[in-house]
Amino acid sequence: MNETRRAVLAAIADEAVSGPALATRLGVSRAAVWKHIEALREAGFSIESGGDGYRLVEIPDYGGPAIAFGLDAPFDVEYHDSLPSTNARARDLATEGETDVAVVADEQTGGRGRLDRAWHSPPGGIWLSALCRPDVPPAHAPTMTLAAAVAVTETAREHGVDAGIKWPNDVLVGEEKLAGILTEMEGEADRVAWVVVGIGINVHEEGLPDGATGLCAHTEEIDRRAFVQTLLERFDELGTDPEEVLAAWRDHALTLGRRVRVETSTGDVVGTAREIEFPGTLVVTTDDGPVRVHAGDCEHLRPA
Ligand code: BT5
């Protein structure tokens, strides 16, 4: 959101402020103030204008300006009612040279998981992709996926949903999948050019495949606006410091200590998941000793 517009909202959020006073405070003309107020009303903000000036009465439930207002993380928000895929849109923005954008959609018509699998994204869910250009080597990228899983889990818990992480980046409630993460990047040998971290969080349960769950099944009401804000803020706070991210990931992991079967491109690994190592490698104790798994689909097994 435009900085002046954000400042207008902040000024009128707690008390009524007159047009001339706003103009002086923000160093813009009175006509400019009026234009910002009109634009905000068009974006769904309910602004009263009484004898004592303008006052913010209501914030829209969801959408770009609603998420941007009060967001304490350095992302511009680009919102769409419907998109094929927020990751595809964020990749396009990356090739146009953009950075620090969160693309958010109410619905995706061509959402994607890993290995080009389909990701169901009915209206009313949380489908978003964060585009950034961290100053890290490409080998650090998996850490950002772990950070996203941590951010989703902590935000869900803050909203009363008892979520945990299944390696590498599924967020579960019980054994059902609440959220998935798809990270895509482009990089040179020593430095990432851009990273798109795509996060899909189910809200309602209608239209989801078997084995999936939504936030609404576990808590009374979900304010998607507040959820997305907390999520982006936590993701930004975690950053790319591997030690901090891995420590938080361990705290929320459901996989460590469990018997697992991990399907990898070179075959299945069965054993007990023991540890996670930089940048996101799972160490599994098998009958033949420890095996390090870098990528794959993990299934939690019943204890032997
Ligand atoms: C993932 O893949 O879990 C990554 C999902 C990432 C989705 C986000 S939404 C915003 C952004 N834009 C995109 O286009 N994508 C990202 P994977 O681990 O491969 O899991 C995919 C599998 O999960 C599918 O094969 C289904 O079995 C299952 N699945 C599909 N839709 C689901 C849903 N909504 N909830 C839970 N499971 C689902």
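General remarks:
- Tail weight of P(r) past 25 Å, computed on alpha-carbon pairs of segment 138-256, percent: 21 percent
- Heavy-atom accessible surface of segment 105-251: percent carbon and sulfur, 1.4 Å: 45 percent
- Residues Asp241, Asp190, sorted by accessible area with the largest first, give Asp190, Asp241 [1.4 Å probe; ligands and nucleic acids excluded].
- Over segment 81-149, the pair-distance histogram of Cα-Cα distances with 5 Å bins from zero comes to 4, 16, 22, 25, 21, 9, 3, 0 percent, rounded to whole numbers.
- Placing His218, His120 in order of accessible area, with the largest value first and a 1.4 Å probe, yields His120, His218.
- Per residue accessible area of the chain, 1.4 Å probe, in Å²: 47 Å²
- Centre separation in Å (Cα based) which lies between segment 162-218 and segment 1-64: 36 Å
- Over all pairs of different C-alpha atoms, the chain has a mean inverse distance whose reciprocal, the Kirkwood radius, equals 20.7 Å.
- Each other residue within a Cβ distance under 11 Å of Leu83 adds +1 if Lys or Arg and -1 if Asp or Glu, for a net charge of -4.
- Among the chymotrypsin sites (Phe, Trp or Tyr not before Pro) within segment 217-258, not one is in coil by DSSP while having at most 13 neighbouring Cβ atoms inside 10 Å.
- The heavy atoms of Glu275 present about 60 square angstrom of accessible area, all protein chains included, probe 1.4 Å.
- Contact order relative to length of segment 259-300, as percent, for alpha carbon pairs under 8 angstrom and 6 or more apart: 39 percent
- For Thr86, the accessible area of its heavy atoms, probed at 1.4 Å with every protein chain present, is near 10 square angstrom.
- Measuring how big segment 3-58 is from its alpha-carbon positions, Rg and Dmax come out at 9.7, 26 Å.
- DSSP-assigned coil residues among GluC sites (Glu not before Pro) in segment 74-124, each with at most 16 further Cβ atoms within 10 Å: Glu96, Glu98
- DSSP bridge pairs, the chain: antiparallel proportion in percent, nearest 5: 85 percent
- Taken over segment 259-300, the alpha-carbon convex hull comes to 59 cubic angstrom per residue.
- Accessible area of segment 3-58 belonging to carbon and sulfur atoms, whole % at 1.4 Å probe: 47 percent
- Exposure ranking of His36, His204 by accessible area [1.4 Å probe, largest first]: His204, His36
- Taking the centroid of alpha carbons for each part, segment 219-249 and segment 70-141 are 15 Å apart.
- For the chain, averaging the sequence separation of C-alpha pairs within contact (under 8 Å, six or more residues apart) and dividing by the residue count gives a relative contact order of 14 percent.
- Over all distinct Cα-Cα pairs of segment 38-106, the Kirkwood formula returns a hydrodynamic radius of 13.7 Å.
- Take Asp288: with every protein chain present and a 1.4 Å probe, its accessible area is about 150 Å².
- Theoretical FRET efficiency, 1/(1+(r/R0)^6), r = Cβ-Cβ of Arg133 and Glu277, R0 25 Å, to 0.05: 0.45
The values are calculated or read from the model by the stated rules, or taken from the named source; none is laboratory data. All of these numbers come straight from a predicted model, not from anything done at the bench. As a convention, Cβ positions derive from the backbone with ideal geometry for all residues, glycine included, and neighbour counts pool all protein chains shown. Keep in mind that these areas ignore ligands, DNA and RNA; they rest on the heavy atoms of the full protein, side chains included. Shrake-Rupley method; radii C 1.70, N 1.55, O 1.52, S 1.80 Å.
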